[in-house]
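Here the structure comes first, spelled out in structure tokens, and everything after it is commentary.
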Amino acid sequence: MAESSTNSDVPKGMRLVVRAWGAISALCCTAMGFFVLFTLSAKCFGMGLLMIFLGIFVMAFEVPACCQYMGWMVTISNWVEDHFKFWMRATLYFGVALVPIIMCLEVSTFVGAGSICITAALYGVLAIGKKGAAAQNKKPEDVEMTAGLVDKSGNPTTTTP
């Protein structure tokens, strides 16, 4: 489990919310993919098929219980959960979801693939963590800010070095 050591500091509730949004966005992407199929453009027809497959695979990655009767899909989902860090999953989802938006700019592709992009953004937030790089680059506190510069009567305090 390569991921469990680095992502153990992320609260379970946040992970659950992101996975739930991933399932909702997968359903949205699949449904919008069916709408995109009703087009006169061959390029948009292909992007509709891509969106349907993208929605199915995101659903399999996020909610493996939906694919419990396909053993190979559960195996892939468990492998992705164990080996993909949050930033890797965010990059994968964003890269794949950007293709239909670029190739066929319609409202259906924007809504369907855009919801997968939002899932990627949420995984990016999980990858950054609670405080991001600020927690790692924390400087020692300033003595001037913690020391009392003025005493209780309002006179400046003098310290001899």
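Readers should treat all values here as calculations from the given coordinates under stated rules, not as data from a laboratory. From a predicted model like this one, the values you see are computed outputs, not experimental measurements. Cβ coordinates were reconstructed from backbone atoms using ideal geometry, including for glycine residues, and neighbour counts include every protein chain displayed.
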Amide N of the range 24-46 lying under 12 Å from the label point, which is placed 7 angstrom from the Cα of Met103 along Cα→Cβ: 42-46
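So how strong a dipole does the range 26-134 carry about its Cα centre when Lys and Arg Cβ are +1 and Asp and Glu Cβ are -1, to the nearest 20 debye?
In debye, rounded to 20, the range 26-134 gives about 280.
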Per 10 angstrom bin, beginning at 0 and ending with the bin that holds the maximum distance, the Cα pairs of the range 13-134 fall in percents of 15, 43, 30, 10, 1, 0
Determine, for each peptide in 11-21, 79-89, the mean count of other beta carbons within 10 angstrom over its residues, then list the peptides with the highest first. 79-89, 11-21
How far is it, in nm, from the label point at Lys85 to the one at Arg15 when both lie 7 Å from their Cα along the line to the Cβ? 1.6 nm
